[in-house]
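To keep things clear, I will list the structure first and then write my remarks on it.
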Amino acid sequence: MDGIGVLMTCPMFAHLEQELAKRFKLYRLWDYPSPRRFFETHSGSIRAVVGNTKVGADAELIHALPRLEMVATYSVGLDKIDLGKCREKGIRVANTPDVLTDDVADVAIALMLCVLRKVCGCDAFVRSGKWKSRDFGFTTKFSGQSIGIVGLGRIGSAIAKRAEAFGCPISYHSRSEKPRVSYKYYPSAVELARHCRILVVACALTAETRHIIGREVLDALGPEGVLINIGRGAHVDEPELVSALLEGRLGGAGLDVFENEPEVAEELLRMDNVVLLPHVGSDTVETSTVMADLVLANLEAHFAGNPLPTPVI
């Protein structure tokens, strides 16, 4: 398959890049100062695109690649791929579901603990030498806090399972009530926020869930509430989040994703009741390797004429 042209849209996991280069004729879009000139020269050579949560395959890129057959994303999320255009042109799409569930759920719990127990502040307190002159002060207990989850899919369910071990009552909101689930269901994110102390965003990003967390939800969560976002940055209306935190209408937040990442609102950087991570929910060596291998398996299956291991389209 070393003659088949595959385009990587941006730098990703080194193992994935190395293995793609071994098996295909690999093009790295970031190696070319002018994407327009790259497409003019190489568009007829590209039969597959490998994207991720930063740069996927939008309508413009798909249009520029007339021989494109396959989009394999190094992610679960599909919001960076124009699925409608792919269906229209008969382009196959595959993602990497299931394998990153545990890592993202672990990070969600870590964020809850860090915000309520002020782990980052405690660390800075010790490093600064302030402990020599005074005690740090009190934090907030995590065990037993009520947790609401927006999106009870694979990741949301894994978060719920972990939180139950801490004795936390669980409730949720999703497009519809889940059968055979014992957690309390609320038909809207606002109602869910009114009935929990910690609100976790774990749903897929769609037109319906974009800015699902806005002023009304944040006010329902209240001045003692904590927002945790391990979904996508665009789930949260970020200016409204900043305002709620600055005005004391929200108690704190733990964020692994941001609306315009890697740009982060300056106000968030100065808040000691907010924990910020650089979108690392699934970034462990173990999971990244499995994800990369799944991308490779989907590409190889497609070009061998075999069923895709994890098809989306």
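Phi angles of the range 5-22 translate, via the Karplus equation with coefficients 6.51, -1.76, 1.60 and θ = phi - 60°, into HN-Hα couplings of x, 10, 10, 8, 7, 6, x, 9, 5, 4, 4, 5, 4, 5, 6, 4, 5, 6 Hz per residue; Gly and Pro are given as x. Between Glu191 and His63, residue separation times 0.36 nm minus the direct Cα-Cα distance comes to 41.8 nm.
For Lys25, the lysines whose Cα comes closer than 28 Å to its Cα, not counting residues fewer than 8 places off in the same chain, are Lys54, Lys80, Lys85, Lys89.
Amide hydrogen proximity for Ile81: with H placed 1.01 Å from N in the peptide plane, the residues at 5 or more positions away or on another chain lying under 5 Å are Ala57. For Lys184, the lysines whose Cα falls under 26 Å of its own Cα, not counting residues fewer than eight places away in the same chain, are Lys141, Lys161. 3J(HN,Hα) couplings calculated from phi for the range 91-99 with the Karplus curve 6.51 cos²θ - 1.76 cosθ + 1.60 (θ = phi - 60°) are, in sequence order, 8, 6, 10, 9, 10, 10, x, 6, 5 Hz; Gly and Pro show x. With Cα atoms defining each centre, the range 191-270 and the range 1-55 are spaced 35 Å apart in the structure. Among Thr209, Ser176, Ala163, which residue has its Cα furthest toward the positive end of the charge dipole of the range 101-276, with +1 on Lys/Arg Cβ and -1 on Asp/Glu Cβ? The residue sitting farthest along the positive end of the dipole is Ala163.
Ranked by the mean number of other Cβ atoms within 10 Å of their residues, highest first, the peptides 66-74, 301-309 fall in the order 66-74, 301-309. Compared with the dominant principal axis of the Cα atoms in the chain, helix 154-164 is inclined by about 30°.
Applying the criteria of a DSSP loop state and at most 16 other Cβ atoms within 10 Å to the chymotrypsin sites (Phe, Trp or Tyr not before Pro) of the range 107-159 yields Phe136, Phe138.
Ranking Gly129, His195, Leu116 by how far each Cα lies toward the positive end of the dipole of the range 108-253 (charges on Cβ) leaves Gly129 at the top. Computed about its Cα centre, the charge dipole of the range 101-276 is approximately 760 debye, with only Lys, Arg, Asp and Glu carrying charge at their Cβ. Using the Karplus relation 6.51 cos²θ - 1.76 cosθ + 1.60 with θ = phi - 60°, the per-residue 3J(HN,Hα) values for the range 215-224 come to 4, 4, 5, 5, 5, 5, 5, x, x, 9 Hz, with x marking Gly and Pro. Our summary gives the range 43-97 a relative contact order of 38 percent, counting only alpha carbon pairs under 8 angstrom and 6 or more residues apart.
Once the Cα-Cα distance is subtracted from the 0.36 nm per residue extended length, the Lys184 to Glu247 segment shows a gain of 19.6 nm.
We did not get these values from a lab; they are worked out from the coordinates using the rules stated. Note that the structure is a prediction, hence the values are computed from the model and not measured. Note: ideal-geometry Cβ built from the backbone for every residue, glycine included; neighbour counts use all protein chains shown.
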